[in-house]
Amino acid sequence: MKTLLMYERLVALDREQHRALRVHQGAGRLGFARETNSMLLAASELPLAALDYPCVFVQSEAGHTLVAIVGLRDKENLLIEPDGSWAEQHYVPAFVRRYPFVLAEQPGNAQMTLCVDEAFDGLDQAQGEALFDAQGQDTPYLQQLQQFLLSYHQDMLATARFAQHLADLGLLVERSIDCKINGESLTLNGLKVVDEVKLRALPPDAVQALFASGALGWVHAHLLSLNNVNKLGARLGRKLLAVQEAASNATTH
């Protein structure tokens with residue numbers, strides 16, 4: 001499972017260069033996430049995300065973190081509809097909602113730079129939310145956006161600490177997740193989950209610390225979310241059947 005970056009042409013947002021830029025996101029403009037089968041997830045999103053997706057831990061060079069699985073095959077997001085919208089009644093992760101913007105860290109500099117993906121098809125100068133006013137000052141929309149991105153960045157730092165703490169407690173174990181799609185088996189590898197046996201064996205003070213920090217609730221949400229693999233399997237099964245029916249109809253006609 002790889003968390004693919006959706007950004008193609010990232011540039012720093014410039015007050016002069018982007019003075020007239022407007023952003024029109026819209027419900028049908030999420031096609032940029034069509035090939036992202038897993039996405040970074042903040043632990044604070046778990047209560048909602050765990051209702052819809054398997055939420056698991058992954059390890060990278062930077063340490064452990066949390067992802068939501070939204071596809072069972074490489075380069076396939078099962079939640080993006082043909083019209084570019086997200087599946088109705090399903091939680092949209094902040095990882096998607098922040099696009100086409102992102103805060104970029106500069107090496108050796110504590111200051112973060114607000115960047116925008118110029119490849120996003122919702123950027124123009126005619127409609128949408130303005131980023132700067134006639135005097136070149138930040139609009140309320142841009143101020144709100146910056147606060148959202150900063151909060152998300154802080155949430156992801158907290159998530160990394162949460163995941164690493166679980167790893168340090170010895171709770172995270174590698175696990176393959178199996179599901180059936182139209183009678184055929186499919187296996188997801190490279191994932192880590194909390195081992196329930198090891199969780200129950202923790203000393204009381206460690207459990208109390210997890211509870212007091214709110215992390216224990218996140219752990220239980222993560223464990224419950226693993227049942228959602230079957231939901232994704234069902235979505236993939238329906239998609240494959242639709243493709244087969246379309247191919248059959250094309251051949252018939």
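The values are calculated or read from the model by the stated rules, or taken from the named source; none is laboratory data. Since this is a predicted model, take the numbers as computed values, not measurements. Note: ideal-geometry Cβ built from the backbone for every residue, glycine included; neighbour counts use all protein chains shown. Keep in mind that these areas ignore ligands, DNA and RNA; they rest on the heavy atoms of the full protein, side chains included. Shrake-Rupley method; radii C 1.70, N 1.55, O 1.52, S 1.80 Å.
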Inset, instruction - Could you estimate the translational diffusion coefficient of the stretch 85-155 from the Stokes-Einstein equation, with Rh from the Kirkwood formula over C-alpha pairs, at 37 °C and 0.692 mPa s, in whole µm²/s? - result: 234 µm²/s
Legend entry - Where the stretch 99-187 is the region considered: accessible area per residue in Å², 1.4 Å probe: 56 Å²
Inset, instruction - Note the full-extension length gain between ARG238 and LEU51 as 0.36 nm times their separation in residues minus their Cα-Cα distance, in nm to one decimal. - result: 65.3 nm
Legend entry - Helical mean residue ellipticity (222 nm; -39500 (n - 2.57) per DSSP H run of 4+; nearest 500) of the chain: -11000 deg cm²/dmol
Inset, instruction - Excluding CYS55 itself, calculate the net charge of residues whose Cβ lies under 12 Å from the Cβ of CYS55, where each Lys or Arg counts +1 and each Asp or Glu counts -1. - result: -1
Inset, instruction - Just need the relative contact order of the chain here, percent rounded to a whole number, with Cα pairs under 8 Å and 6+ apart. - result: 26 percent
Legend entry - ³J(HN,Hα), Karplus 6.51/-1.76/1.60, whole Hz, each residue of the stretch 116-129, x for Gly, Pro: 10, 8, 5, 7, 5, 7, x, 9, 7, 10, 9, 9, x, 7
Inset, instruction - Would you mind computing, in nm to one decimal, how far apart the modelled labels at ASP178 and LYS75 are, each placed 7 Å from Cα along Cα→Cβ? - result: 2.9 nm
Inset, instruction - Would you mind pulling out the separation of the Cα centroids of the stretch 42-116 and the stretch 200-226, in Å? - result: 23 Å
Legend entry - Accessible carbon and sulfur surface of the stretch 6-155 relative to its total accessible area, %, 1.4 Å: 46 percent
Inset, instruction - Please give the net charge around PHE120, taking every other residue with its beta carbon less than 11 angstrom from that of PHE120, where Lys and Arg add +1 and Asp and Glu add -1. - result: -3
Inset, instruction - Compute the Cα gyration tensor for the chain, then decide on rounded, prolate or oblate, letting a ≥ b ≥ c be the square roots of its eigenvalues: rounded whenever a/c is under 1.5, prolate when a/b is larger than b/c in the other cases, and oblate in all that remain. - result: oblate
Legend entry - Taking only Cα atoms of the stretch 99-229, radius of gyration then Dmax in Å: 21.2, 62
Inset, instruction - Mind running the shape call on the stretch 1-135? Use the C-alpha gyration tensor, a ≥ b ≥ c as the square roots of the eigenvalues: rounded below 1.5 for a/c, prolate if a/b tops b/c, oblate otherwise. - result: oblate
Inset, instruction - Could you pull the Rg and Dmax for the stretch 199-253, using just the Cα atoms, both in Å? - result: 21.8, 69
Inset, instruction - Take every Cα pair under 8 Å in the stretch 1-103 that's 6+ residues apart, average their separations, divide by the length, and report that relative contact order as a whole percent. - result: 32 percent
Legend entry - Convex hull volume per residue in cubic angstrom - Cα atoms of the stretch 1-63: 163 Å³
